[in-house]
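K.L.:
First the structure, then my questions, so here it is.
The values are calculated or read from the model by the stated rules, or taken from the named source; none is laboratory data. All values derive from a computational prediction rather than experimental measurement. Here Cβ is always computed from backbone atoms with ideal geometry, including for glycine, and neighbour counts include all displayed protein chains.
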Amino acid sequence: MKIRVGISGYGNLGRGVEKVIPQNPDMELTAIFTQRDINLNTGVPVYNLKEAESMKDKIDVMILCGGAVKDLPEQGPKFAALFNTVDSYDNHAKIPEYFEQVNKAAVNKTAVISTGWDPGLFSVMKMLTGAVLPVGESYAFWGYGLSQGHSEAMRGINGVKKGSDGKGLAVQYTVPSEKAMEAVRSGANPQLSVRDKHLRECYVVPENGANLEKIASDIKSMPNYFEPYETIVHFISEEELTANHSKMPHGGFVFRSGDTGGNKQIIEFALKLENNPEFTASVMVAYARAAVRMSKEGSCGAKTVFDVPISYLSPKDSATLIKELL
């Protein structure tokens, strides 16, 4: 029997999940839940988010595609009490608090939080490479690319113009420092602050008559998202945003620079993504499969990528994995 999947939220990430599920023969999309207009031509039933509870016996796992700023803090615990869930909560500083809230709610369900690529795959690589090279330094760089979480955080700021879908018109690009990355690749093990590693470049469409200085200040002072970084804010027209900032590339690097007794050893893991939401969706779908498997084993509560056996991400059984990949 196929895994019955529900999608909560139908923005870029939700549409990415919808595109990815058909690539997984062991899964089927059962329903989409949204707070938007439910008259969507998706090929599967679409419901208002308020109707989700009535579907709890018809869905094996709910993939939560809301934003980390406003949606997931409420929806994560709420849905974890009703369904097995997977989300991409990405406010790193608040993940421990979010984990506890979801864990209290997921009494009889399995809720895998903070999947995607960072947090998510990058987190796994940091753990793995740190275990392999215990003497050394770990480094993570993001970009060049459009950050969904940081863009979403900007869109709710007062003075940012709303588009036809009601969302703020703003995007943020993360720009890694080539100088800092080359220092890491050389094995120099530099001490780098967040400002040394990245620049955050923002493009914002303001409302007519908005206070541009206040918008820029509100963005730059936002805790956890922009405050620690060098941030540049550009104000542009809606036409320019549509013409030049509609694509969603991203990527990043994880390095571990270590020493095994006088010899330098460097591990590098890299991503280059043409479409960030679709890749994030692909990771979430794999963890959705794992959540269902863990639930069937009675492993309930909140889980992170560190708790999920890596083989549970694959649709292949253990014998096949050993034969083909070991």
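K.L.:
Name the one entry in Val305, Val292 that is in a helix (DSSP H, G or I), among the β-branched types (Val, Ile, Thr) and surrounded by 18 or more Cβ atoms within 10 Å (Cβ to Cβ). Let's see the steps before the verdict.
P.N.:
Values: Val305 fails: in a helix (DSSP H, G or I).
The match here is Val292.
K.L.:
Out of the strands (runs of 3 or more DSSP E) lying entirely within region 1-65, which hold 2 or more residues that are under 22 Å from the mean Cα position of the chain (by Cα) and under 23 Å from Met294 (Cβ atoms)? Steps first, answer last, please.
P.N.:
Details: elements: 3-8, 27-34, 46-48, 61-64.
The strands (runs of 3 or more DSSP E) meeting that bar are 3-8, 27-34, 61-64.
K.L.:
A further question on this structure: In region 110-164, what residues are closer than 24 Å to Ser221 by Cβ, of a type in the set (Val, Ile, Thr) and within 12 Å of the chain's Cα centre (by Cα)?
P.N.:
Across region 110-164, there are no qualifying residues.
K.L.:
Could I ask something else about it? Could you please give the count of residues in region 117-162 that are assigned to a strand (DSSP E or B), closer than 27 Å to Glu274 by Cα and of a type outside the set (Lys, Arg)? Give the steps one after another, and end with the answer.
P.N.:
The first filter runs over region 117-162 and keeps only residues assigned to a strand (DSSP E or B), leaving 117, 120, 136-142, 145-146, 160, 162.
Then keep just the ones that are closer than 27 Å to Glu274 by Cα; that gives 117, 120, 138-142, 145-146, 160, 162.
Okay, now just the ones that are also of a type outside the set (Lys, Arg), so 117, 120, 138-142, 145-146, 160.
Selection size over region 117-162: 10.
K.L.:
In region 88-97, how many are surrounded by fewer than 22 Cβ atoms within 10 Å (Cβ to Cβ) and either of a type outside the set (A, V, I, L, M) or at positive phi (or both)? Break it down stepwise before answering.
P.N.:
Of region 88-97, the ones surrounded by fewer than 22 Cβ atoms within 10 Å (Cβ to Cβ) are 91-97.
Those left that are additionally either of a type outside the set (A, V, I, L, M) or at positive phi (or both): 91-92, 94, 96-97.
Total meeting the criteria: 5.
K.L.:
Would you pick out the residues in region 9-64 that are more than 17 Å from Pro277 (Cβ to Cβ) and of a type in the set (Ser, Thr, Tyr)?
P.N.:
Thr30, Tyr47, Ser54
K.L.:
Scan region 234-255 for residues that are surrounded by 15 or more Cβ atoms within 10 Å (Cβ to Cβ) and either outside any strand (DSSP E or B) or β-branched (Val, Ile, Thr) (or both) and jot them down.
P.N.:
Scanning region 234-255 gives Ile236, Leu241, His245, Met248, Val254.
Residues are listed down the side, and each one gets a yes or a no for (1) acidic (Asp, Glu); (2) in contact with a Lys or Arg (Cβ under 8 Å, 6 or more places away or on another chain); (3) on the phi < 0 side of the Ramachandran plot:
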site: Val132; (1), (2), (3): no, yes, yes
site: Leu146; (1), (2), (3): no, yes, yes
site: Glu152; (1), (2), (3): yes, no, yes
site: Tyr173; (1), (2), (3): no, yes, yes
site: Pro206; (1), (2), (3): no, yes, yes
site: Ile219; (1), (2), (3): no, no, yes
site: Phe226; (1), (2), (3): no, yes, yes
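K.L.:
I've got another one for you. Could you figure out which of (1) closer than 19 Å to Gly67 by Cβ; (2) of a type in the set (Phe, Trp, Tyr); (3) at pLDDT 95 or above isn't true of Phe235?
P.N.:
Of (1) closer than 19 Å to Gly67 by Cβ; (2) of a type in the set (Phe, Trp, Tyr); (3) at pLDDT 95 or above, only one is false for Phe235: (1).
Residues are listed down the side, and each one gets a yes or a no for (1) over 25 Å from Glu239 (Cα atoms); (2) loosely packed, with under 14 Cβ neighbours inside 10 Å; (3) in contact (Cβ under 8 Å) with a residue 12 or more places away in the chain:
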| site | (1), (2), (3) |
| --- | --- |
| Glu182 | yes, yes, no |
| Asn189 | yes, no, yes |
| Val194 | yes, yes, yes |
| Val204 | no, no, yes |
| Leu212 | no, yes, yes |
| Ile215 | no, no, yes |
| Lys220 | no, no, yes |
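K.L.:
Now, a different point. Among the numbered conditions (1) within 24 Å of Asp317 (Cα to Cα); (2) at pLDDT below 95, tell me where Glu28 comes up short.
P.N.:
That leaves (2) as the condition not met.
K.L.:
Name the residues in region 48-87 that are surrounded by fewer than 16 Cβ atoms within 10 Å (Cβ to Cβ) and farther than 27 Å from Ala153 by Cβ, would you?
P.N.:
Taking region 48-87 and keeping what is surrounded by fewer than 16 Cβ atoms within 10 Å (Cβ to Cβ), we get 48, 50-51, 53-54, 56-58, 70, 74.
Correct list: Glu51, Glu53, Ser54, Lys56, Asp57, Lys58.
K.L.:
When you look at Ala180, is it farther than 26 Å from Leu273 by Cβ, at pLDDT 95 or above and not in a loop (DSSP other than H, G, I, E, B), yes or no?
P.N.:
Working: farther than 26 Å from Leu273 by Cβ: no; at pLDDT 95 or above: yes; not in a loop (DSSP other than H, G, I, E, B): yes.
Here the answer is no, as Ala180 does not meet what is asked.
Yes/no per residue for (1) crowded, with 19+ Cβ neighbours inside 10 Å; (2) assigned to a strand (DSSP E or B); (3) free of Cβ contacts under 8 Å to residues at least 40 places away in the same chain:
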site	(1), (2), (3)
Tyr225	yes, no, no
Pro228	no, no, yes
Ile232	no, yes, yes
Ser257	yes, yes, no
Gly261	no, no, yes
Pro277	yes, no, no
Ala281	yes, no, no
Met284	yes, no, no
Ser311	no, no, yes
